[in-house]
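The values are calculated or read from the model by the stated rules, or taken from the named source; none is laboratory data. Remember, predicted model here, so these are calculated numbers, not experimental data. The accessibility values were calculated without ligands, DNA or RNA, using every heavy atom of the protein model including side chains. Shrake-Rupley method; radii C 1.70, N 1.55, O 1.52, S 1.80 Å.
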Amino acid sequence: MTNHVSRAASHVQEERLLALFLELTKINGPSTKEGPVAEYLKKALPALGFTLEFDEAHTQFGGEVGNLIAWREGTDSSIPPLFFSTHMDTVLPTEQLKPVIKDGVIYSDGTTILGADDRAALAAYLEAVRAIVESGVPHGPIEFILTVNEQPGLIGAAHLDYSKPRSKTGYIFDSSGDVGQIILKGPYSSRIWMEVEGNAAHIALNAEEGNSAFLIAAKGLLGMKLGVVDDGTLANMGIIQGGTLTSIIPGSVTVAGEVRSFSQDKLERQLKHMEEAMREAAEESGGSVQVRIEKKYSGFDIPPEHILVQTAEAAAGLINVRPYLTETLGGADTNVLNENGLTCITLGLGFQNIHSFREYISIENLVNTGRLTAALIEQWYTNHQKA
Ligand SMILES: [Zn+2]
């Protein structure tokens, strides 16, 4: 055992980080309307030594601003650059936010979200770079990949201009586990859309010609294994759309859902099963179904011996936090970035009840996110010195 601690992390200042977090949460930036966040970063990042570039992703979905890629030289340019990524958008507006701090925990007043998802990461990243600079520790180049329009389904990351980032490896703090959580594995996911056709008719005029698409769909849904399919596969049907008038036997209905699985094979098998269940129901009832599969994202699976994981475990030790390796069936930008050649893992920062007015984060987790970010940059350098 050594008493080795992170010199950089010891320069992370709780009060400064808390003030920055509260400042950032009040900047309104719901999905596709991240302009004010970008404006803030255009001032804050150059002051920390970053050069900025935006891509044109927003033109694909009518957003205000594209993804932001920011680069900062290290003290040693022979070290491979390390990126930190998060999203600039929040799931709902935060402009009316009135933060409440009680017993070391930050909440909203219950009338808005807090926006800890993921302004906590953004604040921690900025404070960590400040700490790195103040501590004078040697480090490699640092890059920020800050996406837009993440909340509705990782859309900014999907349209990111992947010729812009210069790093190949990095971290994304965007999970509810306490700081120390290291997520190595994420799911493959696809949506399934089913257009179920029966035959429309009026109950009082030509009911005998009617064939209810609702009843066909109901039968199909009852024939599907949904929910927890196995310990690495989830399936859900979440949308039913159809019908015109209470007097009309519905001739068509759309049902849609999604499957997530750590295994692409199992994902495809489950989608096939759902399609077959609906097809069988339609054939038995003299109806038909058209099925469309839409890929959401690919899975990732980073081995524990990967330098990203080794660095994260060692860095957690440097700030006296216990690292723990997990996997998730949740989707994140991590899925999309990995698929596009940017190897990364998700880390926990301890926000809770996200996407709700009961969202909160403890000051301890916020500060540890800043400290761990600083320690990661420091440890990344150390690991590459040894190599
Ligand atoms: Zn998030």
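Taken over the alpha carbons of the stretch 188-296 as equal point scatterers, the Debye sum produces base-10 log I(q)/I(0) values at 0.14, 0.21 Å⁻¹ of -0.54, -0.99. Taking a straight Cα-Cα cut-off under 19 Å and skipping sequence neighbours fewer than 8 places away in the same chain, the lysines within cross-link reach of residue 102 are 26.
For the chain, what is the relative contact order in percent, using Cα pairs closer than 8 Å and at least 6 residues apart in sequence?
On the way: 938 pairs, mean separation 96.6, N = 387.
Computed value for the chain: 25 percent relative contact order.
What percentage of all Cα-Cα pairs in the stretch 234-303 are separated by more than 14 Å? Could you put the intermediate results ahead of the total?
On the way: 1642 of 2415 pairs.
Result for the distance tail: 68 percent.
Angle of helix 14-25 to the longest C-alpha principal axis of the chain, folded into 0 to 90 degrees and rounded to 10: 30°.
With 17 Å as the cut-off, how large is the P(r) tail for the stretch 121-163, expressed as percent of Cα-Cα pairs?
Details: 444 of 903 pairs.
Tail fraction, whole percent: 49.
Taking the solvent-accessible surface of protein heavy atoms with a 1.4 Å probe, what is the per residue accessible area of the stretch 95-221 in Å²? Spell out each step's value before the answer.
On the way: 4520 Å² over 127 residues.
Normalised by residue count, the accessible surface of the stretch 95-221 is 36 Å².
Gaussian network model of the chain, Cα springs within a sub-10 Å range: biggest mean-square fluctuation belongs to which of 230, 109, 118? Highest fluctuation of the listed residues: 230.
Across all Cα pairs in the stretch 127-256, the calculated P(r) in 10 Å bins from zero up to the longest distance comes to 9, 22, 23, 17, 14, 9, 5, 2, 0 percent per bin.
Express the carbon and sulfur contribution to the solvent-accessible surface of the stretch 188-296 as a percent, rounded to the nearest whole number, probe 1.4 angstrom. Kindly include the intermediate steps, with their values, before the conclusion.
Details: 3070 of 6010 Å².
Of all accessible area on the stretch 188-296, carbon and sulfur atoms account for 51 percent.
Using the Cα coordinates of the stretch 1-150, the gyration tensor eigenvalues translate into equivalent-ellipsoid semi-axes of 27, 22, 11 Å, sorted from longest to shortest.
Looking at the chain only, what percent of DSSP beta bridges run antiparallel? Nearest 5 please.
So the antiparallel bridges amount to about 70 percent of the total.
Distance from the C-alpha centroid of the stretch 130-159 to that of the stretch 340-387: 11 Å, rounded to the whole angstrom. Computed over the alpha carbons of the stretch 139-186, Rg followed by Dmax gives 12.8, 35 Å. For the stretch 246-387, the percent of C-alpha pairs falling in each 10 Å distance bin, counted from 0 to the bin holding the largest distance, reads 9, 26, 26, 18, 12, 7, 3, 0. Among 65, 148, 321, the largest mean-square fluctuation in a Gaussian network model of the chain, built with springs joining Cα atoms closer than 10 Å, belongs to 321. Note on residue 164: lysines with a C-alpha under 20 Å away, same-chain residues under 8 apart excluded, are 42. Compared with the dominant principal axis of the Cα atoms in the chain, helix 35-47 is inclined by about 20°. To the nearest ten degrees, helix 264-284 and the longest principal axis of the Cα atoms of the chain are 20 degrees apart. For the stretch 262-387, the solvent-accessible area with a 1.4 angstrom probe is 45 square angstrom per residue. Of the cross-linked pairs 33/225; 168/266; 219/295; 168/295, those separated by over 31 Å at the C-alpha level are 33/225.
Restricting the calculation to Cα atoms, the chain yields a radius of gyration followed by a Dmax of 24.0, 86 Å.
What percent antiparallel are the DSSP beta bridges of the stretch 30-148, to the nearest 5? Around 65 percent antiparallel, to the nearest 5.
Can you tell me which of 332, 124, 201 moves the most in a GNM of the chain? Springs connect C-alpha atoms under 10 Å apart. Answer for the Gaussian network model of the chain: 201. Between the stretch 223-298 and the stretch 78-123, the C-alpha centres lie 35 angstrom from each other. Pairwise inverse Cα distances across the stretch 91-132, averaged and inverted, put the Kirkwood hydrodynamic radius at 11.4 Å. A straight Cα-to-Cα reach below 15 Å connects residue 296 with the aspartates and glutamates 150, 258, 268, 333, 339, residues fewer than 8 places away in its own chain not being considered.
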